[in-house]
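Undergrad: Pasting a structure here, questions to come.
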Amino acid sequence: MKPRIVITLGDPAGIGPEIVSKALRDPKILACCVPMVVGDPVAFARQRLDLPKVEMLAVPGLKLDFALGRPSKEAGQSAIESLRVAVGLLQGRQAQAIVTAPVGKESLHLAGAGAPGHTEWLARQCKVSSVAMLIVAGKLRALLLTRHIPLAKVSRHLSSRVIQEGAILAHAFMKQILKKSRPKLVACGLNPHAGDGGLLGQEEEKTIRPALAALAKRGIPIDGPAAADSVFRDMAQGKYDLALTAYHDQGMIPLKLYAPDRLVNITLGLPFVRTSPGHGTAYDIAGKGQANPNPLKEAIRLAVEYSLTPNPSPIRRGGPQGVPSPIGRGWPKTG
């Protein structure tokens with residue numbers, strides 16, 4: 001039986017409606033899943049698009065002349081309400097996974113979302129304390145230990161707790177979802193040359209290396225801290241399966257160069273499978289018919305693959321070895 005995949009339009013002022021319309025015309029996508037689009041039909045009308053004959057749950061609220069190609073409160077509100085409806089479908093077991101088209105962080109801010117992006121909003125909505133952003137591009141994988149924060153603040157956010165929580169989720173994902181019995185993980189250093197023994201910065205010696213030692217005691221061996229300028233070359237050659245990156249661009253730049261058409265964002269730690277194309281709203285080409293749907297197709301393909309992965313016994317925080325389940329392993333208990 002094909003899984004039912006919920007697809008949200010993201011920011012309706014960006015390329016989300018266009019890539020959804022294009023992706024759902026691909027017979028291979030329709031052959032592998034039952035898609036259900038959640039969003040405002042006005043988003044398609046505004047860009048003169050039509051939706052193939054797939055199920056759509058309308059979330060109205062947009063005006064016919066809403067601003068296209070720029071962030072706005074209206075666009076942010078539409079994206080949030082669509083997400084809210086999509087999460088309700090997943091919670092009601094009416095779908096197996098969610099794929100989100102890109103959302104503009106400024107639109108979310110204008111709408112008062114209280115979160116800088118999908119990852120943080122979904123974590124709060126699902127009442128989970130530990131989530132991680134995993135970016136994949138073919139055989140390259142990068143878990144972003146810090147996400148949407150200024151570069152000047154990375155050092156203070158890159159704590160031992162953050163490193164260990166991200167590493168535990170990454171290790172569980174590789175073992176439980178990708179079925180790697182001995183995942184080969186590596187942690188990138190924050191500084192050039194991974195600090196050169198403290199000559200170029202102290203974060204590697206004071207924070208990253210002690211966190212890796214603590215993880216090794218828990219049975220999670222991770223190489224590093226390693227010089228980030230060689231990690232992804234080594235991964236492409238098969239030495240590593242996944243890299244823990246200290247900040248957003250450290251992981252995103254090499255993956256976007258390596259396989260931009262296959263770039264996908266996966267949220268680890270949620271009670272359901274969530275993927276998204278690994279790019280932004282591309283306001284500059286919104287409504288021009290130029291958007292590439294391939295990353296969204298890859299996000300849908302991976303959502304299908306992960307939702308069909310045999311479901312092991314739920315592993316909760318505090319369970320065997322205290323390892324959390326990486327994705328799609330049930331909702332947290334309330335009350």
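Undergrad: Cβ-Cβ below 9 Å, separation at least six or inter-chain, first residue in region 95-116 and under 24 Å from Asn292 (Cα atoms) and without any contact (Cβ under 8 Å) to a residue 24 or more places away in the chain, second part of a helix (DSSP H, G or I) and open to solvent by 60 Å² or more (accessible area, probe 1.4 Å): which pairs?
TA: none
Undergrad: Right, something else. Which pairs do you get when a residue that is modelled with pLDDT of 95 or more, found in region 78-93, comes within reach of a residue that is open to solvent by 10 Å² or more (accessible area, probe 1.4 Å) and among the β-branched types (Val, Ile, Thr), reach meaning Cβ atoms under 8 angstrom, with the pair 6+ apart or on two chains?
TA: Ser78/Val59; Ala79/Val103; Glu81/Val59; Ser82/Val59; Val85/Val59
Undergrad: How many residues does region 218-271 hold that are of a type in the set (Ser, Thr, Tyr), open to solvent by less than 20 Å² (accessible area, probe 1.4 Å) and assigned to a helix (DSSP H, G or I)?
TA: Qualifying residue count for the region: 0.
Undergrad: Separate question: Condition first: of a type in the set (D, E, K, R) and in contact with a Phe, Trp or Tyr (Cβ under 6 Å, 6 or more places away or on another chain). Can you find one or more residues in region 192-206 that meet it?
TA: For region 192-206, residues of a type in the set (D, E, K, R) and in contact with a Phe, Trp or Tyr (Cβ under 6 Å, 6 or more places away or on another chain): absent.
Undergrad: Please specify each residue of region 206-217 satisfying the condition of being open to solvent by 60 Å² or more (accessible area, probe 1.4 Å) and among the polar types (S, T, N, Q).
TA: Listed by number, the list is empty, since nothing qualifies.
Undergrad: Among the listed residues Val99, Val128, Val136, which satisfies the condition of being farther than 12 Å from Asp11 by Cβ, open to solvent by less than 50 Å² (accessible area, probe 1.4 Å) and modelled with pLDDT under 95?
TA: Details: Val99 fails: modelled with pLDDT under 95; Val136 fails: modelled with pLDDT under 95.
One residue alone meets the criteria, Val128.
Undergrad: May I pose another question? Please go through region 109-120 and give me each residue that is open to solvent by less than 10 Å² (accessible area, probe 1.4 Å) and part of a helix (DSSP H, G or I), ordered by number.
TA: The one that is open to solvent by less than 10 Å² (accessible area, probe 1.4 Å) and part of a helix (DSSP H, G or I): Thr119.
Undergrad: Among Thr245, Thr309, Thr275, Thr281, which is hydroxyl-bearing (Ser, Thr, Tyr) and at pLDDT below 95?
TA: Residue meeting the stated conditions: Thr309.
The values are calculated or read from the model by the stated rules, or taken from the named source; none is laboratory data. Please read these numbers as outputs of a predicted model, since none were measured by experiment. Every residue, glycine among them, receives a Cβ derived from its backbone with ideal geometry; neighbour counts consider all protein chains shown. The area values use the complete protein model at the heavy-atom level, side chains included, leaving out ligands, DNA and RNA. Shrake-Rupley method; radii C 1.70, N 1.55, O 1.52, S 1.80 Å.
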